[in-house]
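Each reported figure results from applying straightforward, stated rules to the coordinates on display, with no laboratory input. Source: prediction; values computed, not measured. For neighbour counting, all protein chains shown are included, and Cβ atoms are generated from backbone atoms with ideal geometry for every residue, glycine included.
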């Protein structure tokens, strides 16, 4: 009987030895695999600037995230947007009319009906910019778009209230106001 128990003990010892060896090799394998260079390929890859794409999206497509990429309201980010973001909406009478309606709803309370910075809220709650100043006239369309979308120093962001196309309609209307102001 003692001989049988020693045999079982020897077998159990070898089994546990194999189990321990297997676990050790498995952990070593995990560590080696984790250290291989392919595990961080998604981290170390070429970058694209926020808001840019390899190719334009298909017409009427919806982003999988449901929103545009993040864009800061900092002046430097808005200036960068002015350099890289182009207005895809033609300045047509329909676009200007849509922009005018949106301007009355969202912008006129601060910027005034003609964009002169003399809206009803000025002096009561917030200061406002005259959209006819040389500084604003000289900004690119992408800067105006980024400001409408992400806000400014005092201006609130309208990214959740106004669609992308509507923001471009607003930019077209502001440009229309600026042209009218120069001819007066």
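Brief remarks follow.
- Taking the Kirkwood radius as Rh and the Cα radius of gyration as Rg, the range 75-183 has a ratio of Rg/Rh equal to 0.93.
- Contact order for the range 75-183, expressed relative to its length and based on alpha carbon pairs under 8 Å spaced 6+ residues apart, stands at 37 percent.
- Linear extension gain, residue 130 paired with residue 105, 0.36 nm per residue minus alpha-carbon span: 7.3 nm
- Extending 7 Å from the Cα toward the beta-carbon at both residue 74 and residue 157 defines two label points whose distance is 1.4 nm.
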